[in-house]
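Notes for the one structure printed next.
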Amino acid sequence: MLTSLASLPTKTILVFGGTTEGKQVAAWLTDTEYTFWYSTKTQVEVNLPPNGRYRWGAFTTATLVEFCQLYRVGCLVHASHPFAEALHATVAEASQQLGLPVLRLEREYPPRQKHPLIRHVSDYEEVITRLRAAGLAPVLALSGVQTIERLRGYWQHHPMYFRVLPRASSVALADQAGLPADWLLPAWPGTDVAEEMALIQRLGVQAVVTKESGESGFLSVKLAAALAAGVPIFVVQRPTMPAHFRPVAGEGELLAYLHTHLHGLTAGS
């Protein structure tokens, strides 16, 4: 029988980051009374304040429960990528077992546009089906290295370029998947419409694939570039968050909730 951690005396917070939003949370927690852990799936360079600690590696539900019990975590702040579906499920299950609140710092999303060239789809299987039906090739995927495997059903038979972050880990994943080296584009996301449009035109692609990653993922730039280049863009819609995740809009709301929830609790007492 697991003991609920919600009532334990603690001011420790576990932040799931690896994103712009995660870095924002770490900055907001600087110089506060709280000790926090900053967690990412893969190892990255992080600069944390004295009250911050870093760990990396994927959690299972069991290991997350164990971690929270060990470090007497009083609140989870979920600021990781909106498409980290496995993490969403793990955080949901562990938090319910432990009775811990989950604050979800969501990124900003542009309104979904209605345009003949913008195709909103439910998943990557639908992307493959619609690309095949339309006979579109080559294609540029701006959906991240994790989608190389999910789009295998297309690129095994048709040319498809993938832009991935210029990290050794990303290149290694692409190589492990067997993606032809000529189709891999290690580069940071474009922040300028003209730059992105130039890439589309240089590669001569007939379609773009991306995901609803919000403004932090430069979704508006990708949409505008595809429309300017006159090619269709397939946008995989973001997954729905578990119902018990509590959305917070910014620093003030986050700190106010933490103060209310953890007020009067003394770490280690």
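Laboratory data are not the source of any read-out in this text; all were calculated from the coordinates shown. In this text the structure is predicted, and so the values were computed from the model without any measurement. Note: ideal-geometry Cβ built from the backbone for every residue, glycine included; neighbour counts use all protein chains shown.
Report the Stokes-Einstein translational diffusion coefficient (µm² s⁻¹, integer) for the range 73-165, Rh taken as the Kirkwood radius over Cα pairs, at 25 °C with viscosity 0.890 mPa s. Display every interim value, and only then the final one.
On the way: Rh = 16.1 Å.
Using the Kirkwood radius from Cα pairs, D works out to 153 µm²/s.
About the Cα centre of the chain, how large is the charge dipole given +1 on each Lys and Arg Cβ and -1 on each Asp and Glu Cβ? Please answer in debye to the nearest 20. Write down the numbers at each step before the final one.
Working: 22 positive and 22 negative charges, 66 e Å.
Rounded to the nearest 20 debye, it is 320 debye.
In whole Hz and in residue order, list the ³J(HN,Hα) couplings for the range 40-46 that follow from phi through the Karplus curve 6.51 cos²θ - 1.76 cosθ + 1.60, θ = phi - 60°; x for Gly and Pro.
10, 5, 10, 6, 9, 7, 9
Expressed as an acute angle from 0 to 90° and rounded to the nearest 10, what is the orientation of the C-alpha long axis of helix 124-134 relative to the principal long axis of the chain?
Helix 124-134 sits at roughly 10 degrees to that axis.
Work out from phi, with θ = phi - 60° and the Karplus expression 6.51 cos²θ - 1.76 cosθ + 1.60, the ³J(HN,Hα) of each residue of the range 158-171, listed in order in whole Hz, and give x for Gly and Pro.
In residue order, the calculated couplings are 9, x, 8, 8, 10, 8, 10, 4, x, 10, 4, 5, 5, 4 Hz.
Under a cut-off of 16 Å between alpha-carbon atoms, report the aspartates and glutamates in cross-link reach of Lys114, not counting same-chain residues fewer than 8 places apart.
Glu212
So what is the 222 nm mean residue ellipticity for the chain from helices alone, if each DSSP H run of at least 4 adds -39500 (n - 2.57) and you divide by all residues, rounding to the nearest 500 deg cm²/dmol? Spell out each step's value before the answer.
Working: 10 runs with 97 residues, N = 269.
Taken over the chain, the calculation gives -10500 deg cm²/dmol.
Select from Pro232, Val193, His157 the residue farthest towards the positive end of the dipole of the chain; place +1 on Cβ of Lys and Arg, -1 on Cβ of Asp and Glu, and compute about the Cα centre.
His157
With +1 assigned to the C-beta of every Lys and Arg and -1 to the C-beta of every Asp and Glu, and no other charges, what is the dipole magnitude of the range 102-142 about the Cα centre in debye, to the nearest 20? Intermediate values should be presented prior to the final figure.
Details: 7 positive and 5 negative charges, 30 e Å.
The dipole of the range 102-142 has a size of about 140 debye.
Whole-Å semi-axes of the chain's equivalent ellipsoid, largest first, each the root of 5 times a Cα gyration tensor eigenvalue? Could the numbers behind the result be given before it?
Details: eigenvalues 295, 66, 57 Å².
Value: 38, 18, 17 Å, ordered largest first.
May I ask you to work out the translational diffusion coefficient for the range 118-236 at 10 °C, viscosity 1.306 mPa s, via Stokes-Einstein with Rh from the Kirkwood sum over Cα pairs, reported in whole µm²/s? Don't jump to the answer; show the numbers that get you there.
Details: Rh = 14.0 Å.
It comes out at roughly 113 µm²/s.
Provide the descending list of Cα extents for the range 1-150 along its principal axes, expressed in whole angstroms.
60, 36, 28
Pull up all non-local amide H partners of Val209: gap of 5 or more, or a different chain, and H-to-H distance under 5 Å with H placed in the peptide plane.
It is Leu140, Ala141, Leu142, Phe234, by chain and number.
Please work out the Cα center distance from the range 92-117 to the range 193-249, rounded to the nearest Å.
That distance is 17 Å.
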